[in-house]
Each structure stands twice: as structure tokens, then as C-alpha cells.
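Read the structure below first, then the notes.
The values are calculated or read from the model by the stated rules, or taken from the named source; none is laboratory data. None of these values were measured; they are calculated from a predicted model. Backbone-built Cβ (ideal geometry, glycine too); neighbour counts: all protein chains shown. SASA here: full protein model, heavy atoms, side chains in, ligands and nucleic acids out. Shrake-Rupley method; radii C 1.70, N 1.55, O 1.52, S 1.80 Å.
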Amino acid sequence: MVDRWSADAAFQMGDYAAKKGRASWRGKIVGWYRTDLTSLGYAIDFEPGSVQIYPETAIEAWVPPKAESELE
């Protein structure tokens, strides 16, 4: 089953986001998920083939350096 993009999402597909806190991960939102423990989470892609998932509460908006955003 495929659900539509969540209406209550703080981020949309293609937005840039970064992990808050000590660990570092940043990239583009490429998907979202929900579980019994996570009301809303996102899949974030930066390097080809490497995706991390985080709950919405663990990420914040991120603006990539100009050179990275121009590669797309």
C-alpha cells in the first residue's frame, strides 16, 4: 500500500534536512515513514546508495553549499 505524502509533514519530498545533535547526516528528503513508535519520519539521501531514516523530531532544515545543490 502506498500512502499519499503526509499532510502534517514539516518537510516535503526534495527538501534538504540535517540530523540534529552530535551525529551528522544531511541530504535531501526522498521518502517518509510511520511506525507504531514514530508518528512521522523521513528517509534522507546524500551519497548515492546511502539513505538514513530519522524521526521528524530529530531533523532540521538544512541549506547545502551552492556547489552541492547545483549538482542536481
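Picking from G41, G14, G21, G31, which residue would you name as being modelled with pLDDT under 90 and either at positive phi or in contact with a strand residue (DSSP E or B) (Cβ under 6 Å, 6 or more places away or on another chain) (or both)? Every option except G21 fails the conditions.
Pick from segment 1-38 the residues that are assigned to a loop (DSSP other than H, G, I, E, B) and among the hydroxyl-bearing types (S, T, Y): which of them is most open to solvent (accessible area, probe 1.4 Å)? That would be S24.
Restricting attention to segment 39-59, the residues being in contact with a helix residue (DSSP H, G or I) (Cβ under 8 Å, 6 or more places away or on another chain), in a loop (DSSP other than H, G, I, E, B) and without any contact (Cβ under 8 Å) to a residue 24 or more places away in the chain number 1. Which residue pairs have Cβ atoms closer than 9 Å, lie 6 or more positions apart in sequence or on different chains, and pair a first residue in segment 6-31 that is within 8 Å of I44 (Cα to Cα) with a second residue that is among the charged types (D, E, K, R) and assigned to a loop (DSSP other than H, G, I, E, B)? These pairs meet every condition: G27/E47; K28/D15; K28/E72; I29/D15.
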